[in-house]
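So the structure is just underneath, and the comments pick up after that.
The values are calculated or read from the model by the stated rules, or taken from the named source; none is laboratory data. Everything numeric in this text was worked out from a predicted model, so none of it was measured. Here the Cβ positions follow ideal geometry from the backbone for every residue, glycine too, while neighbour counts run over all protein chains shown. Side chains are part of the model used for accessible areas, which takes the heavy atoms of the whole protein and leaves out ligands, DNA and RNA. Shrake-Rupley method; radii C 1.70, N 1.55, O 1.52, S 1.80 Å.
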Amino acid sequence: MDSVKIDHDLLIPAGRHTLPPQEVSARQRERLLRAIASCTSELGYQGTTVGDVVRVAHTSRTAFYEHFADKQECFLEAYAQMTATFIAASLDAAASVESWEQKLQKGIATYFEWMAEHPEVARSTIIEIHEAGPEGLEARAKALEQWVRTIEGVAILARRAGAQLPELDEVAFVAIILAAEAYVHDYARRGCVGRVGEKAAAVQALARVLFEHGVRTQ
């Protein structure tokens, strides 16, 4: 999910139409997912109701409960789709450059650019996920694991290219991810996430230091 906007082509034509039931259902589901991301960004997870979601999605409560058991289930699916989308954006950007150093820098820069361009997603995925109960925290943990694998993948490519990297473990990879997330959290909380890209260089510098020197425990 790369947008929370309810596009016209997701709506069901008024009156009689020829859309198959599967298409109607798919459009309703997508509108509900976009709507809950929009609502939680504006109202907060705790402040969002199913009524808010169906109003923004232009659906009924009946349609909502045909797709989701409750607000939490809807939000967690939206969260999973949003995190998968911005992780994929960073991976695609990294794949567009050659060296492992460029991949590391490009992936981080793209994360910040993506969050700056999608403020609703930034707030929902970085701030509001903490309000979605134990299941929300578990979903966040899974997303962080995906991120760790992407950073670890750069280290693997670097070693294959002959780079003499220090011993790197999960601590280094998580440090990079949480530093980036902390900046987005702060800027989103203050309502200025559109400017968060100005912190990309700091996280890129941190990543370079960790890749060059590792994490010393003694």
**OP:** Check each of the GluC sites (Glu not before Pro) in the stretch 110-215 and keep only those in coil by DSSP with at most 11 other C-beta atoms within 10 angstrom; list them in order.
**Re:** E167
Original post:
Rounded to the nearest whole Å², what accessible area per residue is found for the chain with the 1.4 Å probe?
Top reply: 52
Original post:
Where a Cα-Cα gap under 16 Å defines reach, which aspartates and glutamates qualify for K103, not counting those fewer than 8 residues away within the same chain?
Top reply: D92, E113, E152, E212
Original post:
Taking only DSSP H segments of four or more residues, each worth -39500 (n - 2.57), what value at 222 nm results for the chain once the sum is divided by all its residues, to the nearest 500 deg cm²/dmol?
Top reply: -22500 deg cm²/dmol
**OP:** Measure nothing fancy, just the Cα-based angle from helix 71-95's long axis to the longest principal axis of the chain, in degrees from 0 to 90, nearest 10.
**Re:** 40
Subject >> Exposure ranking of H58, H213, H67 by accessible area [1.4 Å probe, largest first] >> reply: H58, H213, H67
**OP:** Could you rank I151, I156 by how accessible they are, 1.4 Å probe, largest area first?
**Re:** I156, I151
